[in-house]
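Student: Input: one structure, supplied below.
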There are 2 protein chains.
Amino acid sequence: MSTSDARLERLVAPIAGDLGRMRDILARQLAERSHAVSDMTDHVARFRGKQLRGALVLLSGDATGNITDEHPAIAAIVEMIHLATLVHDDVLDGAEVRRRVACVNQRWDNQVAVLLGDFLYARAFALSTDLSSRLASRALAEATRRICVGEIEQSTLRYDFELSDERCEAIASAKTATLYAVACELGARYPGGRDDVGQELWHFGQEIGLAFQIVDDCLDVVGEEAVVGKSVGQDVEDGKVTLPVLHAYRRAGRAAQARIREIYTQPGLAHRVQLLRAACDLAGGVESAMARAAELAESASSRVARLPESSARAALEELAGYVVERRW
Amino acid sequence: MSTSDARLERLVAPIAGDLGRMRDILARQLAERSHAVSDMTDHVARFRGKQLRGALVLLSGDATGNITDEHPAIAAIVEMIHLATLVHDDVLDGAEVRRRVACVNQRWDNQVAVLLGDFLYARAFALSTDLSSRLASRALAEATRRICVGEIEQSTLRYDFELSDERCEAIASAKTATLYAVACELGARYPGGRDDVGQELWHFGQEIGLAFQIVDDCLDVVGEEAVVGKSVGQDVEDGKVTLPVLHAYRRAGRAAQARIREIYTQPGLAHRVQLLRAACDLAGGVESAMARAAELAESASSRVARLPESSARAALEELAGYVVERRW
């Protein structure tokens, strides 16, 4: 277990019981009589990741004194939606299939990945309709729509270096922070009411979600593959202009800017991220983006500091720090 | 307007007003502030197709005396789910991308097609949570899950000529008939209760949906591209063993069976469906599969014949016939 793992484990200690219940529900939901399907969900379940979003539902519920018997189910639904987005993220476009044959999932093809993601979404929505209040179904369907819009916007803004910080952050917010925000909001106000606390926790989730994405974007350009645990440089390959790159681009001279655009757009280039590191002050861009992430985490932390003291509140505050300090 | 179009137009006449309302709702739901998204939904809206599933919600409601103000919204939700499945059907796997470059959607790539489908699902579920009863959300989330399981099962049973009729039909039912069945069921019993009529209409939808799929499978192997309006032979390309092919295979001698398997599996073959036509008595297989479709349509028709006489009931009966007589 790495230091990071141990820290996360400690963070979620106040909700360990409910987290176990969430995992049980998740396992039951992923089970399916069809062998073809359960074979795949077994595979997906192994990549369960940090389960931060599910944990946020429970911590937010606990810290606001709003935890109910249904919170573990809501946490499981949020995790299923997250899993569905991950599975769909793995679908490659035509160009990528040709360029990255080695990375294409060898066990199942694109079409099955699409169906599996759809299955996970459907399971998540079906489970949400069993809850006593419709608040979760509503909030999560709406959140899913916002996530898709954010992803589509991002894909149409590839290679766009004229992007404002605001627009860049709005996209990162929509595609990533949305699920964090709704997780925290539902934790704090499900099954209903308590609008002010719900809204405050929504903002908390929004800020740490955006901070999380910015850190992700930074790790993608300057992280070490062995530490991050996934291939770095993918955003550059995909033509995504993220906040650290945008900041590095703005600080660069004209010649360097032209070179950056060339690295992003010229077909057939290998190791684009290495070329990018050589072409501009990427570390400077990362530093400035990380400062923004820290500012967001700070603001998030101050929101929950107003809640009554509890171990769950302390965990939320520490989580805000964890999100910007993590190295993976 | 073709004869088929005119016939369909006449069929839906009893519910013309509600069908217009359904189309208005659909148009509003597909609108999205994001230009990137609305550009795509505009494109998708142009392929609105026959809107049979939406019409079935309304005709079933009308024929059972159960129509409510919310029926047009339910019909729109069903159509959105159908659109989402169509968009996701267009996602190609790696092999296909390489084999069928010319067919890959030139305007948007796989990833965007996945996101657009997800957006449509999310919109559909979000709209369903605005309805007064949760019956539609529940039934449609569950139906979506069944559709995905059916599609995944089908993809794992490619190239399998030992398939039983029962299994083959179970897959076609899950992937296609499910949405017809739930459309008819919701039409008949939304917002709740009336279980017996709801169940009868569920079976009606199930039977015409399966008949529709069998006819589709037949058109894929013996239809004329110009008439069907889409490329034929796709199932053979995809390795899908459909009912008409299965029946033709069973009637074939050993040598012909080996040839059929070869046509399905040998890499790099062109015009597989033409080869298949030459290799076995495909017309015989189609005839036998069509007889099964007619039997299903007949059973479906007899179910609604028990409802009180009305123009909507007459339309449902005729629709059962239309489904097996259509040539596109």
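Just so you know, all these numbers are worked out from the coordinates, no wet-lab data involved. Being a predicted model, the structure only gives us computed values, none of them experimental. Ideal geometry is used to build each Cβ from the backbone, glycine not excepted, and the neighbour counts take in all protein chains shown.
Student: Between exposed GluC sites (Glu not before Pro) in chain A, where DSSP calls loop and at most 15 other Cβ atoms lie within 10 Å, what's the longest gap?
Tutor: Result for the longest clean stretch: A:1-161.
Student: In a GNM of chain A with a 10 Å cut-off on Cα contacts, which of A:TYR180, A:TYR190, A:TYR159 has the highest mean-square fluctuation?
Tutor: A:TYR159
Student: How would you classify segment A:1-82 from its alpha-carbon gyration tensor, with a ≥ b ≥ c the square roots of the eigenvalues: rounded for a/c under 1.5, else prolate if a/b is greater than b/c, otherwise oblate?
Tutor: Verdict is oblate for segment A:1-82.
Student: Count charges around B:TYR180 for me, please; just the other residues with Cβ under 9 Å from its Cβ, Lys/Arg as +1, Asp/Glu as -1.
Tutor: 0
Student: Separate question: Using +1 at the C-beta of Lys and Arg and -1 at the C-beta of Asp and Glu, which of A:ALA305, A:HIS43, A:VAL273 has the Cα lying farthest in the positive direction of the dipole of chain A?
Tutor: Result: A:VAL273, furthest along the dipole toward the positive end.
Student: Compute the acute angle (0 to 90°) between the alpha-carbon long axis of helix B:16-30 and the principal axis of greatest extent of the alpha-carbon atoms of chain B; round to the nearest 10°.
Tutor: Taking the Cα atoms of chain B, the angle to B:16-30 is about 80 degrees.
Student: Additional query: Net charge within 13 Å of A:LEU282 by Cβ-Cβ distance, Lys/Arg positive one each and Asp/Glu negative one each, not counting A:LEU282 itself?
Tutor: After counting each charged neighbour, the total is 0.
Student: Taking a label point 7 Å out from Cα toward Cβ, give me the nm distances from A:THR156 to the same spot in the other copies, shortest first, one decimal.
Tutor: Inter-copy label distances (nm, one decimal, shortest first): 3.8.
Student: Still on this structure, please answer the following. Between copies, how far apart are the B:ALA314 label points? List them in nm, one decimal, shortest first, with each point 7 Å from Cα toward Cβ, please?
Tutor: Shortest to longest, the spacings are 7.7 nm.
Student: A follow-up question, please. How far is A:ARG326 from itself in the other copies, in nm, if each label sits 7 Å out from Cα along the Cα-Cβ line, shortest first?
Tutor: Its label point is 4.8 nm from the equivalent points in the other copies.
Student: Given contacts defined as C-alpha pairs under 8 Å and at least six residues apart, what's the relative contact order of segment B:110-221, whole-number percent?
Tutor: 25
Student: Moving to a separate point now. No solvent, one uniform scatterer per C-alpha: report log10 I(q)/I(0) for segment A:13-61 via the Debye equation at q = 0.19 1/Å, two decimals.
Tutor: For segment A:13-61, the Cα-only Debye profile gives -0.66.
Student: What shape does segment B:194-328 have by the C-alpha gyration tensor, where a ≥ b ≥ c are the square roots of the eigenvalues, rounded means a/c under 1.5, and otherwise prolate means a/b greater than b/c and oblate the rest?
Tutor: Prolate is the answer for segment B:194-328, as a/c is 1.5 or above and a/b outweighs b/c.
Student: Calculate the all-directions average of the projected area of segment A:3-325's alpha-carbon convex hull, and give it in nm².
Tutor: Its Cα hull, projected and averaged over all orientations, spans 16.0 nm².
Student: OK, next. Between the helical axis of A:195-222 and the dominant principal axis of chain A, each derived from Cα atoms, what acute angle in degrees is found, rounded to the nearest 10?
Tutor: Result, in degrees: 30.
Student: Next up: How many Cβ atoms of partner chains, on average, are near each residue of B:150-157 if near means within 10 Å of its Cβ?
Tutor: Across the residues of B:150-157, the mean count of other-chain Cβ atoms within 10 Å is 6.
Student: Further question: Determine the sum of side-chain charges near A:GLY192: Lys and Arg each +1, Asp and Glu each -1, restricted to other residues whose C-beta is under 14 angstrom from that of A:GLY192.
Tutor: Local net charge: 0.
Student: Something else now. Looking only at other chains, what is the average number of their beta-carbon atoms within 10 angstrom of each beta-carbon in B:32-38?
Tutor: For peptide B:32-38, the averaged partner shielding equals 4.
Student: Sort out the exposed loop trypsin sites (Lys or Arg not before Pro) in chain A (DSSP loop, at most 11 other Cβ within 10 Å) and tell me the longest stretch that has none.
Tutor: Counting only loop sites that pass the neighbour cut-off, the longest clear stretch is A:108-229.
Student: Segment A:195-265 to segment B:164-230: how many Å between their Cα centroids?
Tutor: Rounded to whole Å, the Cα centres lie 46 Å apart.
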